[in-house]
């Protein structure tokens, strides 16, 4: 049987890991947004310095980037939901273990 201190320690370690995962995911999400914007700006810059009307090509590139960003955001949201689910499970497990410890006293 685990002691209350062991239960709390395990809970806080798991919580810290999940918080770190959430922070990493946030930074990953921000990096993706930055890269999308940089890519669009690079395409736009290169097309502006060529002769001709590239409005249609630029619009198509923008739509494609938006589609990719949307797919990327969907994956990010799935990961966020997974982290939230694990946080809730950790909380529930923590409470259950504390209740079990109290019953066994």
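The values are calculated or read from the model by the stated rules, or taken from the named source; none is laboratory data. Small disclaimer: the values here were computed from a predicted structure and weren't measured. All Cβ positions, even for glycine, are placed from backbone atoms using ideal geometry, and neighbour counts span all protein chains on display.
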Just give me the residues in region 45-61 being part of a helix (DSSP H, G or I) and surrounded by fewer than 14 Cβ atoms within 10 Å (Cβ to Cβ), in sequence order. 45, 46, 48, 55, 56, 57, 59, 60
Which one of the conditions (1) in contact (Cβ under 8 Å) with a residue 12 or more places away in the chain; (2) more than 15 Å from residue 72 (Cβ to Cβ); (3) assigned to a helix (DSSP H, G or I) does residue 1 fail to meet, given that it meets all the rest? (3)
Conditions: (1) farther than 30 Å from residue 103 by Cβ; (2) over 19 Å from the mean Cα position of the chain (by Cα). Residue 7 meets all but one. Number of the miss? (1)
Can we say residue 31 is outside any helix (DSSP H, G or I) and out of contact with any helix residue (DSSP H, G or I) (no Cβ under 7 Å at 6 or more places or on another chain)? no
When you look at residue 97, is it assigned to a helix (DSSP H, G or I), under 30 Å from residue 21 (Cβ atoms) and within 18 Å of the chain's Cα centre (by Cα), yes or no? no
Boolean, residue 85 is more than 22 Å from the chain's Cα centre (by Cα) and at pLDDT 90 or above: no
Options 26, 11; residue that is assigned to a helix (DSSP H, G or I) and in contact with a helix residue (DSSP H, G or I) (Cβ under 6 Å, 6 or more places away or on another chain): 11
Considering (1) surrounded by fewer than 11 Cβ atoms within 10 Å (Cβ to Cβ); (2) closer than 30 Å to residue 1 by Cα, say which one residue 90 fails and leave the rest. (1)
In this structure, is residue 40 modelled with pLDDT of 90 or more and surrounded by 12 or more Cβ atoms within 10 Å (Cβ to Cβ)? no
